[in-house]
1. Among the numbered conditions (1) surrounded by fewer than 22 Cβ atoms within 10 Å (Cβ to Cβ); (2) more than 25 Å from Ala119 (Cα to Cα); (3) of a type in the set (Gly, Ala, Ser), tell me where Ser211 comes up short.
2. For the range 258-288, which positions are over 17 Å from Val20 (Cβ atoms) and in contact (Cβ under 8 Å) with a residue 24 or more places away in the chain?
3. Can you work out which of the residues in the range 218-231 that are surrounded by 15 or more Cβ atoms within 10 Å (Cβ to Cβ) and out of contact with any Leu (no Cβ under 9 Å at 6 or more places or on another chain) is nearest to Val295 (Cα to Cα)?
4. For the range 277-299, what are the residues that are over 14 Å from Gly245 (Cα atoms) and assigned to a helix (DSSP H, G or I)?
5. Can you confirm whether Gly280 is of a type outside the set (S, T, N, Q) and farther than 28 Å from Val29 by Cα?
6. Sort out for me the helices (runs of 4 or more DSSP H) sitting completely within the range 148-263 that have 1 or more residues that are at positive phi.
7. Condition first: within 20 Å of Glu195 (Cβ to Cβ) and in a loop (DSSP other than H, G, I, E, B). Now tell me which residues in the range 1-56 satisfy that.
8. Restricting to the range 253-306, and then to whatever is among the aliphatic types (A, V, I, L, M) and modelled with pLDDT under 95, can you tell me which residue is farthest from the chain's Cα centre (by Cα)?
Amino acid sequence: MSEKLEIVRKALTGISGVPVTPYHADGSVHVEKLDTLIKGLAAARVHNLMAAGNTGEFFTLTMDEIRLVHRTTIRAADGKALVSAAVGRSLADAKALAKDAIAEGADAIMGHHPMDPFAGPSYQARYFLELADSSTVPVIAYVRSDGFSVADFRELALHSNIAGIKFASSNLMLLADIIRSTQDAPAIWVCGLAEGWAPAFYALGARGFTSGLVNVFPQRSHAIHTALEVGDYATARQLIDGIAGFEALRTKYNNGANVTVVKEALGMLGNDVGPVRLPGVVSLNESERALLRNVVDRVSNEQQAA
């Protein structure tokens with residue numbers, strides 16, 4: 001297991017891309033388009049593919065659809081990129097999904113933050129610990145709250161089968177406390193808030209970042225990652241400035257447009273992957289679409305000129 005953990009930890013210091021889930025006109029998962037998308041991301045050298053993550057609309061997929069997305073992603077990646085299968089909902093569901101994904105060849109399991117409205121923070125941490133206890137491949141804990149105590153985070157970081165923690169809170173003072181208190185732990189702290197937050201996370205000691213942008217412009221994500229890895233914050237900021245409008249649109253409607261922006265950007269580049277399922281924002285309005293078109297055209301032109 002130690003070798004597997006090191007492989008996953010190395011991947012986590014890179015880009016953890018979260019692929020969208022394409023749909024047919026009837027709303028069913030479009031396996032062929034997903035296969036093509038994953039092959040493209042693997043060819044683009046994305047370090048870690050988080051199958052059925054939030055950008056993949058995990059919470060709108062049925063259990064069977066999640067398994068289909070896992071299976072398709074694992075087969076399409078074909079060992080060219082590490083695949084972390086995202087699991088969640090009840091602990092029993094998460095364990096069942098993990099078991100099936102591992103049987104299909106998943107390299108790691110990413111546990112979604114348990115979203116029960118009556119959950120206690122320390123017991124949410126225990127959810128990840130029990131998932132890690134039951135898994136035969138390394139686990140990544142996706143924490144979307146700053147309600148955990150530093151002691152909770154330390155317990156996660158010291159677990160023998162948790163490769164890293166995807167920290168998706170903007171509470172940077174908490175992150176600083178956590179990293180300071182876990183210097184003796186091998187777990188990787190990953191920026192779970194995409195490229196825009198990555199410089200601040202790196203400055204505190206995190207490594208790697210998650211990305212929805214990578215579906216559309218993997219070259220830009222790689223350039224940002226390369227700059228951060230060598231401590232070139234000026235270049236990283238400049239590159240992030242160029243996609244700031246894209247990321248700002250994703251935060252609209254209380255983040256309800258997060259996936260919508262990625263899918264519509266793909267459509268603008270000739271890859272129609274279908275709409276977003278309810279309760280996400282199904283489509284952008286005309287003014288939002290015009291702003292997105294401006295960003296897509298500008299970044300595309302910059303890449304062609306490079």
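The values are calculated or read from the model by the stated rules, or taken from the named source; none is laboratory data. Source: prediction; values computed, not measured. Quick reminder, even Gly has a Cβ in these numbers, built from the backbone with ideal geometry, and neighbours come from all protein chains shown.
1. Of everything listed in (1) surrounded by fewer than 22 Cβ atoms within 10 Å (Cβ to Cβ); (2) more than 25 Å from Ala119 (Cα to Cα); (3) of a type in the set (Gly, Ala, Ser), Ser211 misses just condition (1).
2. Glu288
3. Among them, the one singled out is His222.
4. The one that is over 14 Å from Gly245 (Cα atoms) and assigned to a helix (DSSP H, G or I): Glu286.
5. In short, no.
6. Correct list: 252-255.
7. Within the range 1-56, Thr13, Gly14, Val18, Pro19, Val20, Ala44, Arg45, Val46, His47, Gly53 qualify.
8. Ala305
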